[in-house]
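Working notes for the structure below.
The values are calculated or read from the model by the stated rules, or taken from the named source; none is laboratory data. Note that the structure is predicted; figures quoted are calculated from it, not measured. Neighbour counts run over all protein chains shown; Cβ positions are idealised from the backbone, glycine included. What goes into the accessible areas is simple: the full protein's heavy atoms, side chains included, and nothing from ligands, DNA or RNA. Shrake-Rupley method; radii C 1.70, N 1.55, O 1.52, S 1.80 Å.
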Amino acid sequence: MAAGYLEILRARHAARLLAGTLVGRLPNATAAIALVLFVRAEGGTYGLAGALAAVYGVANAVGQPVLGRLVDLYGQPRVQLPAAVASALAMAVFAFSGTDPLPVACAAVAAAGLFTPPLEGGLRALWPSVLRREEQVHTAYAMDAVAQEVMFTVGPLLVTLCVSLWSERAALLVLNAVGVLGALSVVFSPPSRAWRSAPREAHWLGALRSPGLLALLGAFLFVGIALGSITVASVPYADEHGGDAVYGWLMAALGLGALIGGSVYGARAWSGAPERRLRVLVALLAVCYLPLMLMPGAVAMVLLSLLSGVFLAPCIACAFIIVDRHAPGGTVTEAFSWLVTTFTVGASVGTGLAGPVVQAGGPLWGYAVPGAAGAVSLLVLLATGRVLAVPARSGVVAASSENDPNRAAEPRFSSGDRA
């Protein structure tokens, strides 16, 4: 398993791109907890803190595909770096102005979310230019999904560390400054500077004109709902079985399960169409959510939470391959950004949906939401099976490489996106 990942990291520029992207995305991964802690330190209510976090999340969901389209049109350095600087400056305005006046605070937080650079989609567009073999790119997608779980686990710990060493304001400033440094590392790398999107057809829908991509996004909206609902359903369960410590273990186990599943999934080459494989993975994901409704003791529940996360990262890694196969030519960054946005929106919907369900029926019914959402996701994939069939543009050799001034043909697995 380790050998496959080491082979990827030994490829020229791969470690730098992965590390830079993860560091550059720290502000996004830590925004919710950093905003809540800062607003509370300023004397604001949890309601205000939640509202500002929601403003950031909505703005981020809007900005990712828009900036992704701009990256496809103008290249990574021209968009990623100015966006990272603008986002950090907006968060600095919020950090120094505080929550009063409120309109300024809302505008600053919205700008910070809106201009968050689409580093995640950009990295996935770069992998085929760094790794020349198809199976290596697939492994990199899995490693990418695993690394995200690490970042979302470590990020909140870094926030609390900054708060304990300095202050809540310093946490906002430091993490956003570090994020700019991560973006700098990516956009000044040779692959990022050389990358150009494939020629694209002018169309106002951009990546969304692909029926296959729309089908995938519809399915992953419900995967996001499932994940978001677990975070809420686990709160009343933890209150009845030990409090915040139990809740922390439940969430950590969910992330650990995703780490394990993604690591195992990426350690081998998979045969067959990824569209069919995704249906199997989503079915297993939905099935593994169901035992949570048993609600046993805390130790057993932690183990069930670990099980429920095992197939999440493999689903995401498999979805990356399908996005690359179905994105129209010249829209690969935008397409990956739409997947990020859809998953984020789904998690927010799941959080909002699980609240009233838990209020009405307790944690048992709250834990029923992720299983139901996983089942709906599977139904979407089954209903759109023909749409998700192997796209006509798939191939193994690119007609030309836009990174090669001589336009020499080179092997790669997606002929429509010469990245």
How much length is gained if the chain between Leu303 and Arg132 is pulled fully straight, taking 0.36 nm per residue apart and subtracting their Cα-Cα distance, in nm to one decimal?
57.7 nm
How far apart, in nm, are the 7 Å Cα→Cβ label points at Gln359 and Ala273?
4.4 nm
In segment 45-137, trypsin sites (Lys or Arg not before Pro) in a DSSP loop with at most 15 other beta-carbon atoms within 10 Å
Arg132, Arg133
Considering the values (i) 28; (ii) 12; (iii) 25, which represents percent of Cα pairs over 41 Å apart as calculated for the structure under consideration?
(ii)
Solvent-accessible area per residue for the chain (1.4 angstrom probe, square angstrom)
40 Å²
Per-bin percent of Cα-Cα distances, segment 214-321 [10 Å]:
14, 45, 28, 11, 1
Förster-model FRET efficiency, 30 Å R0, Val280 and Val62, C-beta, rounded to 0.05:
0.35
With a 1.4 angstrom probe the carbon and sulfur portion of accessible area for the chain, in percent, totals 70 percent
Between segment 309-334 and segment 57-108, what is the separation of their alpha carbon centroids in Å?
24 Å
Square roots of 5 times each gyration tensor eigenvalue, C-alpha, segment 157-295, largest first, Å
33, 29, 16
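Where nothing but the Cβ of Lys and Arg (+1) and of Asp and Glu (-1) is charged, how large is the charge dipole of segment 1-148 around its Cα centre, in debye to the nearest 20?
Dipole magnitude for segment 1-148 comes out near 360 debye.
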Extension gain, Tyr74 back to Val154 (0.36 nm per residue minus Cα-Cα distance, nm):
25.5 nm
When the chain is fully extended, how far beyond the present Cα-Cα distance does Ala41 get from Glu7, taking 0.36 nm per residue of separation?
7.7 nm
With all distinct Cα pairs included, what does the Kirkwood hydrodynamic radius of segment 18-155 come out to in Å, to one decimal, could you say?
15.9 Å
Surrounding net charge for Leu181, when Lys and Arg each add one and Asp and Glu each subtract one, Cβ distance under 15 Å:
+2
